[in-house]
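The values are calculated or read from the model by the stated rules, or taken from the named source; none is laboratory data. Note that the structure is a prediction, hence the values are computed from the model and not measured. Quick reminder, even Gly has a Cβ in these numbers, built from the backbone with ideal geometry, and neighbours come from all protein chains shown.
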Amino acid sequence: MAEVTTLESLLEMGFDRNRAEKAVANTGNQGIEQAMDWLMEHENDPDIDEPYVPPVGNVLEGASDNEPSAQMTLGDTAEGELLHWIEGIKRPMTEEEKRDQVKRLEELMRVKQAERRERERAEEVEKEKQRRRQGQELQQIRQKLQDDDMKKLAEQRRREKMEDKLAKGQREIARDREERAQKFGGGGSSTTATSSQPAQPSPSSPTSQGPPPTKKEYDESRIQVRLLDGSTITTVFKAQEPLAAVRVYVQMNGNTPEGQDFTLLSLYPRHVYTELDMEKPLKELGLVPSAVLLVTKK
C-alpha cells in the first residue's frame with residue numbers, strides 16, 4: 001500500500017511518527033519526495049509537533065481508479081476487515097530492501113537539503129544587494145536635498161548682500177546731494193560760473209528739505225537656523241542678547257540628539273563661532289537685523 005510504504009520509509013529514516021503522518025496526509029500521499037519536501041519546509045512551524053488528528057471520514061488512497069474497493073472509509077469498514085485488506089495488498093519488504101530504500105531516501109534528502117541551502121543563500125545575497133541599492137539611493141537623495149538647501153542659502157545671502165549694497169549706495173547718493181546743496185546754496189564761490197549764477201538747490205532733491213537720514217538702529221534680530229537634517233527653525237532675539245541664547249534655543253527646539261555637541265557657523269562671510277563668541281551680543285557679531293546660521297557636528 002502506497003501510504004504505508006511512505007510512512008514506514010519516513011520512520012526508517014528517523015522522522016518522528018507524528019511529523020511523518022502529517023507529511024503523508026498533507027501531501028495527499030503522493031510519494032516520499034513530496035513528503036520529505038513538506039517536512040523540510042514546515043520543520044520550523046510552531047504546531048509541527050502537535051498531535052496529528054486525521055479528518056473525519058478520511059479516505060485511504062493508494063489503489064487505482066479501476067479498483068474502487070481500494071477506497072473506503074474507516075467508518076464503512078470493520079477493523080478486522082481493514083487489516084485483512086491491508087495485509088492482502090502489502091508485500092512485506094526484506095531487510096536488504098529496507099536498507100537500500102533508506103539509503104536512497106537519505107541520499108535524496110541530502111540533495112534536497114543542499115538545494116534548499118543554496119536557494120536560501122541566493123535569496124540572502126539578493127536581499128543584501130537590494131538593501132545596498134536602497135541605501136545608495138537614500139544617500140543620493142539626502143545629498144541632493146543638502147545641495148539644494150546650500151544653493152538656496154547661497155542665493156538668499158547673495159540677494160541680501162545686493163539689497164544691502166543698493167541701500168548703501170542710495171544713502172551715499174543722498175548724503176552727497178545734501179553736501180552739495182549746503183556747499184553751493186549758502187554763499188558765493190571762487191569760480192566765475194558760480195559767482196555769476198548762484199547755484200540753486202534742486203527742488204526735486206529730497207535732501208534739501210532737511211538733514212541727511214540717520215542710520216536705523218535695530219533692537220531685534222531675526223535668526224534662521226539650519227539643522228543637521230536640513231530643516232529650519234526661526235525666531236526673533238533682542239539685539240543685545242548673547243549668541244549663547246541662540247545655542248540654547250537650538251538645543252531646546254531642534255532635533256539634535258541628546259548629548260550631541262555642535263557648533264554654529266555663518267556662510268557669508270564664513271565664520272565658525274567659538275566659545276568666546278557665545279558671550280558676545282548678536283549686534284556686535286553682525287547678526288542684526290537678520291542672519292542665517294548653520295548647525296554642524298563638532
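Mind checking whether some residue in segment 39-53 is touching a strand residue (DSSP E or B) at 6+ places or on another chain (Cβ under 7 Å) and at pLDDT below 85?
Within segment 39-53, none of the residues are touching a strand residue (DSSP E or B) at 6+ places or on another chain (Cβ under 7 Å) and at pLDDT below 85.
Can you work out which of the residues in segment 263-284 that are of a type in the set (D, E, K, R) and not in a loop (DSSP other than H, G, I, E, B) is surrounded by the most Cβ atoms within 10 Å (Cβ to Cβ)?
That would be D277.
Which residue pairs have Cβ atoms closer than 8 Å, lie 6 or more positions apart in sequence or on different chains, and pair a first residue in segment 156-184 that is assigned to a helix (DSSP H, G or I) with a second residue that is exposed (fewer than 10 other Cβ atoms within 10 Å of the Cβ)?
Filtered contacts from segment 156-184: R171/K215; E178/P211.
I need a count of the residues in segment 242-262 that are part of a loop (DSSP other than H, G, I, E, B) and surrounded by fewer than 16 Cβ atoms within 10 Å (Cβ to Cβ).
6
Quick check on this structure: which one of D65, D16, D76, D100 is at pLDDT 85 or above and not basic (K, R)?
D16
Suppose the filter is in a loop (DSSP other than H, G, I, E, B) and surrounded by 13 or more Cβ atoms within 10 Å (Cβ to Cβ); does L287 pass it?
Against the criterion (in a loop (DSSP other than H, G, I, E, B) and surrounded by 13 or more Cβ atoms within 10 Å (Cβ to Cβ)), L287 qualifies.
Are any residues in segment 250-271 touching a residue at least 24 places away in the same chain (Cβ under 8 Å) and either β-branched (V, I, T) or under 16 Å from I223 (Cα atoms) (or both), and if so, which ones?
V250, G254, T256, T263, L264, L265, S266, L267, Y268
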